[in-house]
1. Do we find that residue 66 is surrounded by fewer than 22 Cβ atoms within 10 Å (Cβ to Cβ) and within 26 Å of residue 17 (Cβ to Cβ) in this structure?
2. Given the structure, is residue 85 among the acidic types (Asp, Glu) and surrounded by 20 or more Cβ atoms within 10 Å (Cβ to Cβ)?
3. Would you confirm, using the coordinates I've provided, whether residue 205 is in a loop (DSSP other than H, G, I, E, B), over 27 Å from residue 22 (Cβ atoms) and β-branched (Val, Ile, Thr)?
4. Which of the residues belonging to region 125-143 are of a type in the set (D, E, K, R) and touching a Gly at 6+ places or on another chain (Cβ under 9 Å)?
5. Would you pick out the residues in region 107-120 that are open to solvent by 10 Å² or more (accessible area, probe 1.4 Å) and away from ligand 2 (no atom under 14 Å from the Cβ)?
6. Report, by residue number, each residue of region 33-69 that is outside any loop (DSSP other than H, G, I, E, B) and within 16 Å of ligand 1 (Cβ to nearest atom).
7. Please work out if residue 86 is closer than 30 Å to residue 100 by Cβ, among the aliphatic types (A, V, I, L, M) and within 16 Å of ligand 3 (Cβ to nearest atom).
8. Tell me, which residue of region 158-184 that is open to solvent by 30 Å² or more (accessible area, probe 1.4 Å) and over 20 Å from residue 206 (Cβ atoms) is nearest to ligand 1 (Cβ to nearest atom)?
Amino acid sequence: MSLQTAVQDISRALTPGHPNWPGDAPFSVTPAARIETGDSVNTGVLSTSTHTGTHVDAPWHYSDGGSRLESVPLEVYVGPCLVLDVRGHNPVGPEVLDGLEGLPERLLLYTGQPAHWENFPEDFAALTPDFVRRAAGLGVRLVGTDCPSVDPLTSKTLEGHAAFWETGMYILEGLNLSATAPGHYGLVCLPMPLVGVDGAPARAVLLPQDQPVQQDQPGRERT
Ligand SMILES: N[C@@H](CC(=O)c1ccccc1NC=O)C(=O)O
Ligand SMILES: [Zn+2]
Ligand SMILES: [Zn+2]
């Protein structure tokens, strides 16, 4: 048996030119020090919106009364999760939860977004407030989507976000689920540890669920 745990990266790669939400600050990593030009090291200067690529929304993003990122417990983002294929549902309504019971606290939705966004995806599948309320009623605490937002691009009222605020659930956006089989996993999603912010880019990975704990077995050599 391999001692290595399979780790599936479901974060969106942030390549130069990664498209941003229309009107938002562009993503860039600008070269600073360079060994080839005489510096001791290579370094870069990162400039990004807090809502670039795979990222979490702190409740303060959508309500002035909401918590900032440092007050959201990491437990929200780490633990058992279910990946659902909801392609064909636009917007995603409560019907995608029909017949599901015993849900884990984290639900990730694959709406069909590709691994890489050449241009910003303007026509994506938002979540209806009724979906959000039904998920909350089933004990879900975090909903992740492969779309850039849980509300449509042109929404000014952000009813989807408001339903998360109402129900106390949390939001993870911009996942890359294009290579993930639907099913149960362990989610580890760690937002950048920025303080006082409305959200932050995150690295999100899936681990196989029920991965046996790897223990040294008495009388056996480790390989
Ligand atoms: N709701 C989107 C972001 C968003 O709405 C947004 C991001 C940057 C600049 C303006 C935005 N919305 C304006 O209505 C998100 O949560 O990532
Ligand atoms: Zn966001
Ligand atoms: Zn959002």
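1. No.
2. No, not satisfied.
3. So residue 205 fails the test.
4. 130, 134, 141
5. Selection gives 110, 111, 112, 113, 114, 115, 116, 117, 118, 119.
6. Answer for region 33-69, where residues must be outside any loop (DSSP other than H, G, I, E, B) and within 16 Å of ligand 1 (Cβ to nearest atom): 47, 55, 56, 57, 59, 60, 61, 69.
7. no
8. Result: 158.
The values are calculated or read from the model by the stated rules, or taken from the named source; none is laboratory data. Quick caveat, the model's predicted, so the values are computed rather than measured. Counting neighbours? That spans all protein chains shown, and the Cβs are built from the backbone with ideal geometry, glycine included. Side chains included, ligands, DNA and RNA excluded: accessible areas come from the protein's heavy atoms. Shrake-Rupley method; radii C 1.70, N 1.55, O 1.52, S 1.80 Å.
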